[in-house]
1. Calculate, for M1 and A51, the FRET efficiency according to 1/(1 + (r/R0)^6) with r their C-beta to C-beta distance and R0 30 Å; round to the nearest 0.05.
2. If you take the charge dipole of the chain about its Cα centre, with +1 on Lys and Arg Cβ and -1 on Asp and Glu Cβ, which of A111, A152, A81 is farthest toward its positive end?
3. Please report, as a whole percent, how much of the solvent-accessible surface of region 71-150 comes from carbon and sulfur atoms (probe radius 1.4 Å).
4. Let me have the 222 nm mean residue ellipticity of the chain computed from DSSP H runs of 4+ only, each contributing -39500 (n - 2.57), with the sum over all residues rounded to the nearest 500.
5. Determine the share of region 2-55's accessible area contributed by carbon and sulfur atoms, expressed in whole percent, with a 1.4 angstrom probe.
6. In square angstrom, what is the accessible area per residue of the chain with a 1.4 angstrom probe?
7. Taking the alpha carbon gyration tensor of region 4-85, what are the square roots of 5 times its eigenvalues, largest first, to the nearest whole Å?
Amino acid sequence: MSVYTTIDSPIGEIVLTGTGGALTSVKIGVPAPNGATRDDAPFAETVRQFAEYFAGDRTAFDLDLRPSGTAFQHRVWAEVAAVPYGKTTTYGEIAARIGAPRDRIRAVGAAVGANPLLIVWPCHRVIGAGGALTGYAAGIERKRFLLTHEGALQPALI
């Protein structure tokens, strides 16, 4: 049975979904999933870790994760998860690390874009080859906020 909770954050409402005590998805700025039941209790540790992350006291998550995806997606997501806090990488670098040929970079990009565990698996740390802040499921402004929060980008001067 799928359950969910929501948490407020500096980048908007985060929807956490899980099953069997494991986290299956983290989405930002979207409605609660259809067919899931609200239950805050299974997410206490996840909520605590997110609070620590946004307070600047946590640089990595240690949670029971059970997302759905293909074997290829899981290979890409494992590389995304390995990108250190405060650093960025490119789609091409992810492709090279999993041994995907250059003509598969779009497939790598699609797998990054399908990441079901936003922030936990930090796909916001994946940028374009020229340093451009390319696509992010929760929006480029949220990606910019997360990278600035982590120190990978300098705050914009106004």
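1. Once rounded, the FRET efficiency stands at 0.70.
2. The listed residue farthest towards the positive side: A111.
3. 55
4. -9500 deg cm²/dmol
5. C and S fraction of accessible area: 52 percent.
6. 51
7. 20, 18, 12
The values are calculated or read from the model by the stated rules, or taken from the named source; none is laboratory data. All values derive from a computational prediction rather than experimental measurement. Note that each Cβ is placed from the backbone with ideal geometry, even for glycine, and that neighbours are counted across all protein chains shown. Quick note on the areas: whole protein, heavy atoms, side chains included, nothing else; ligands and nucleic acids left out. Shrake-Rupley method; radii C 1.70, N 1.55, O 1.52, S 1.80 Å.
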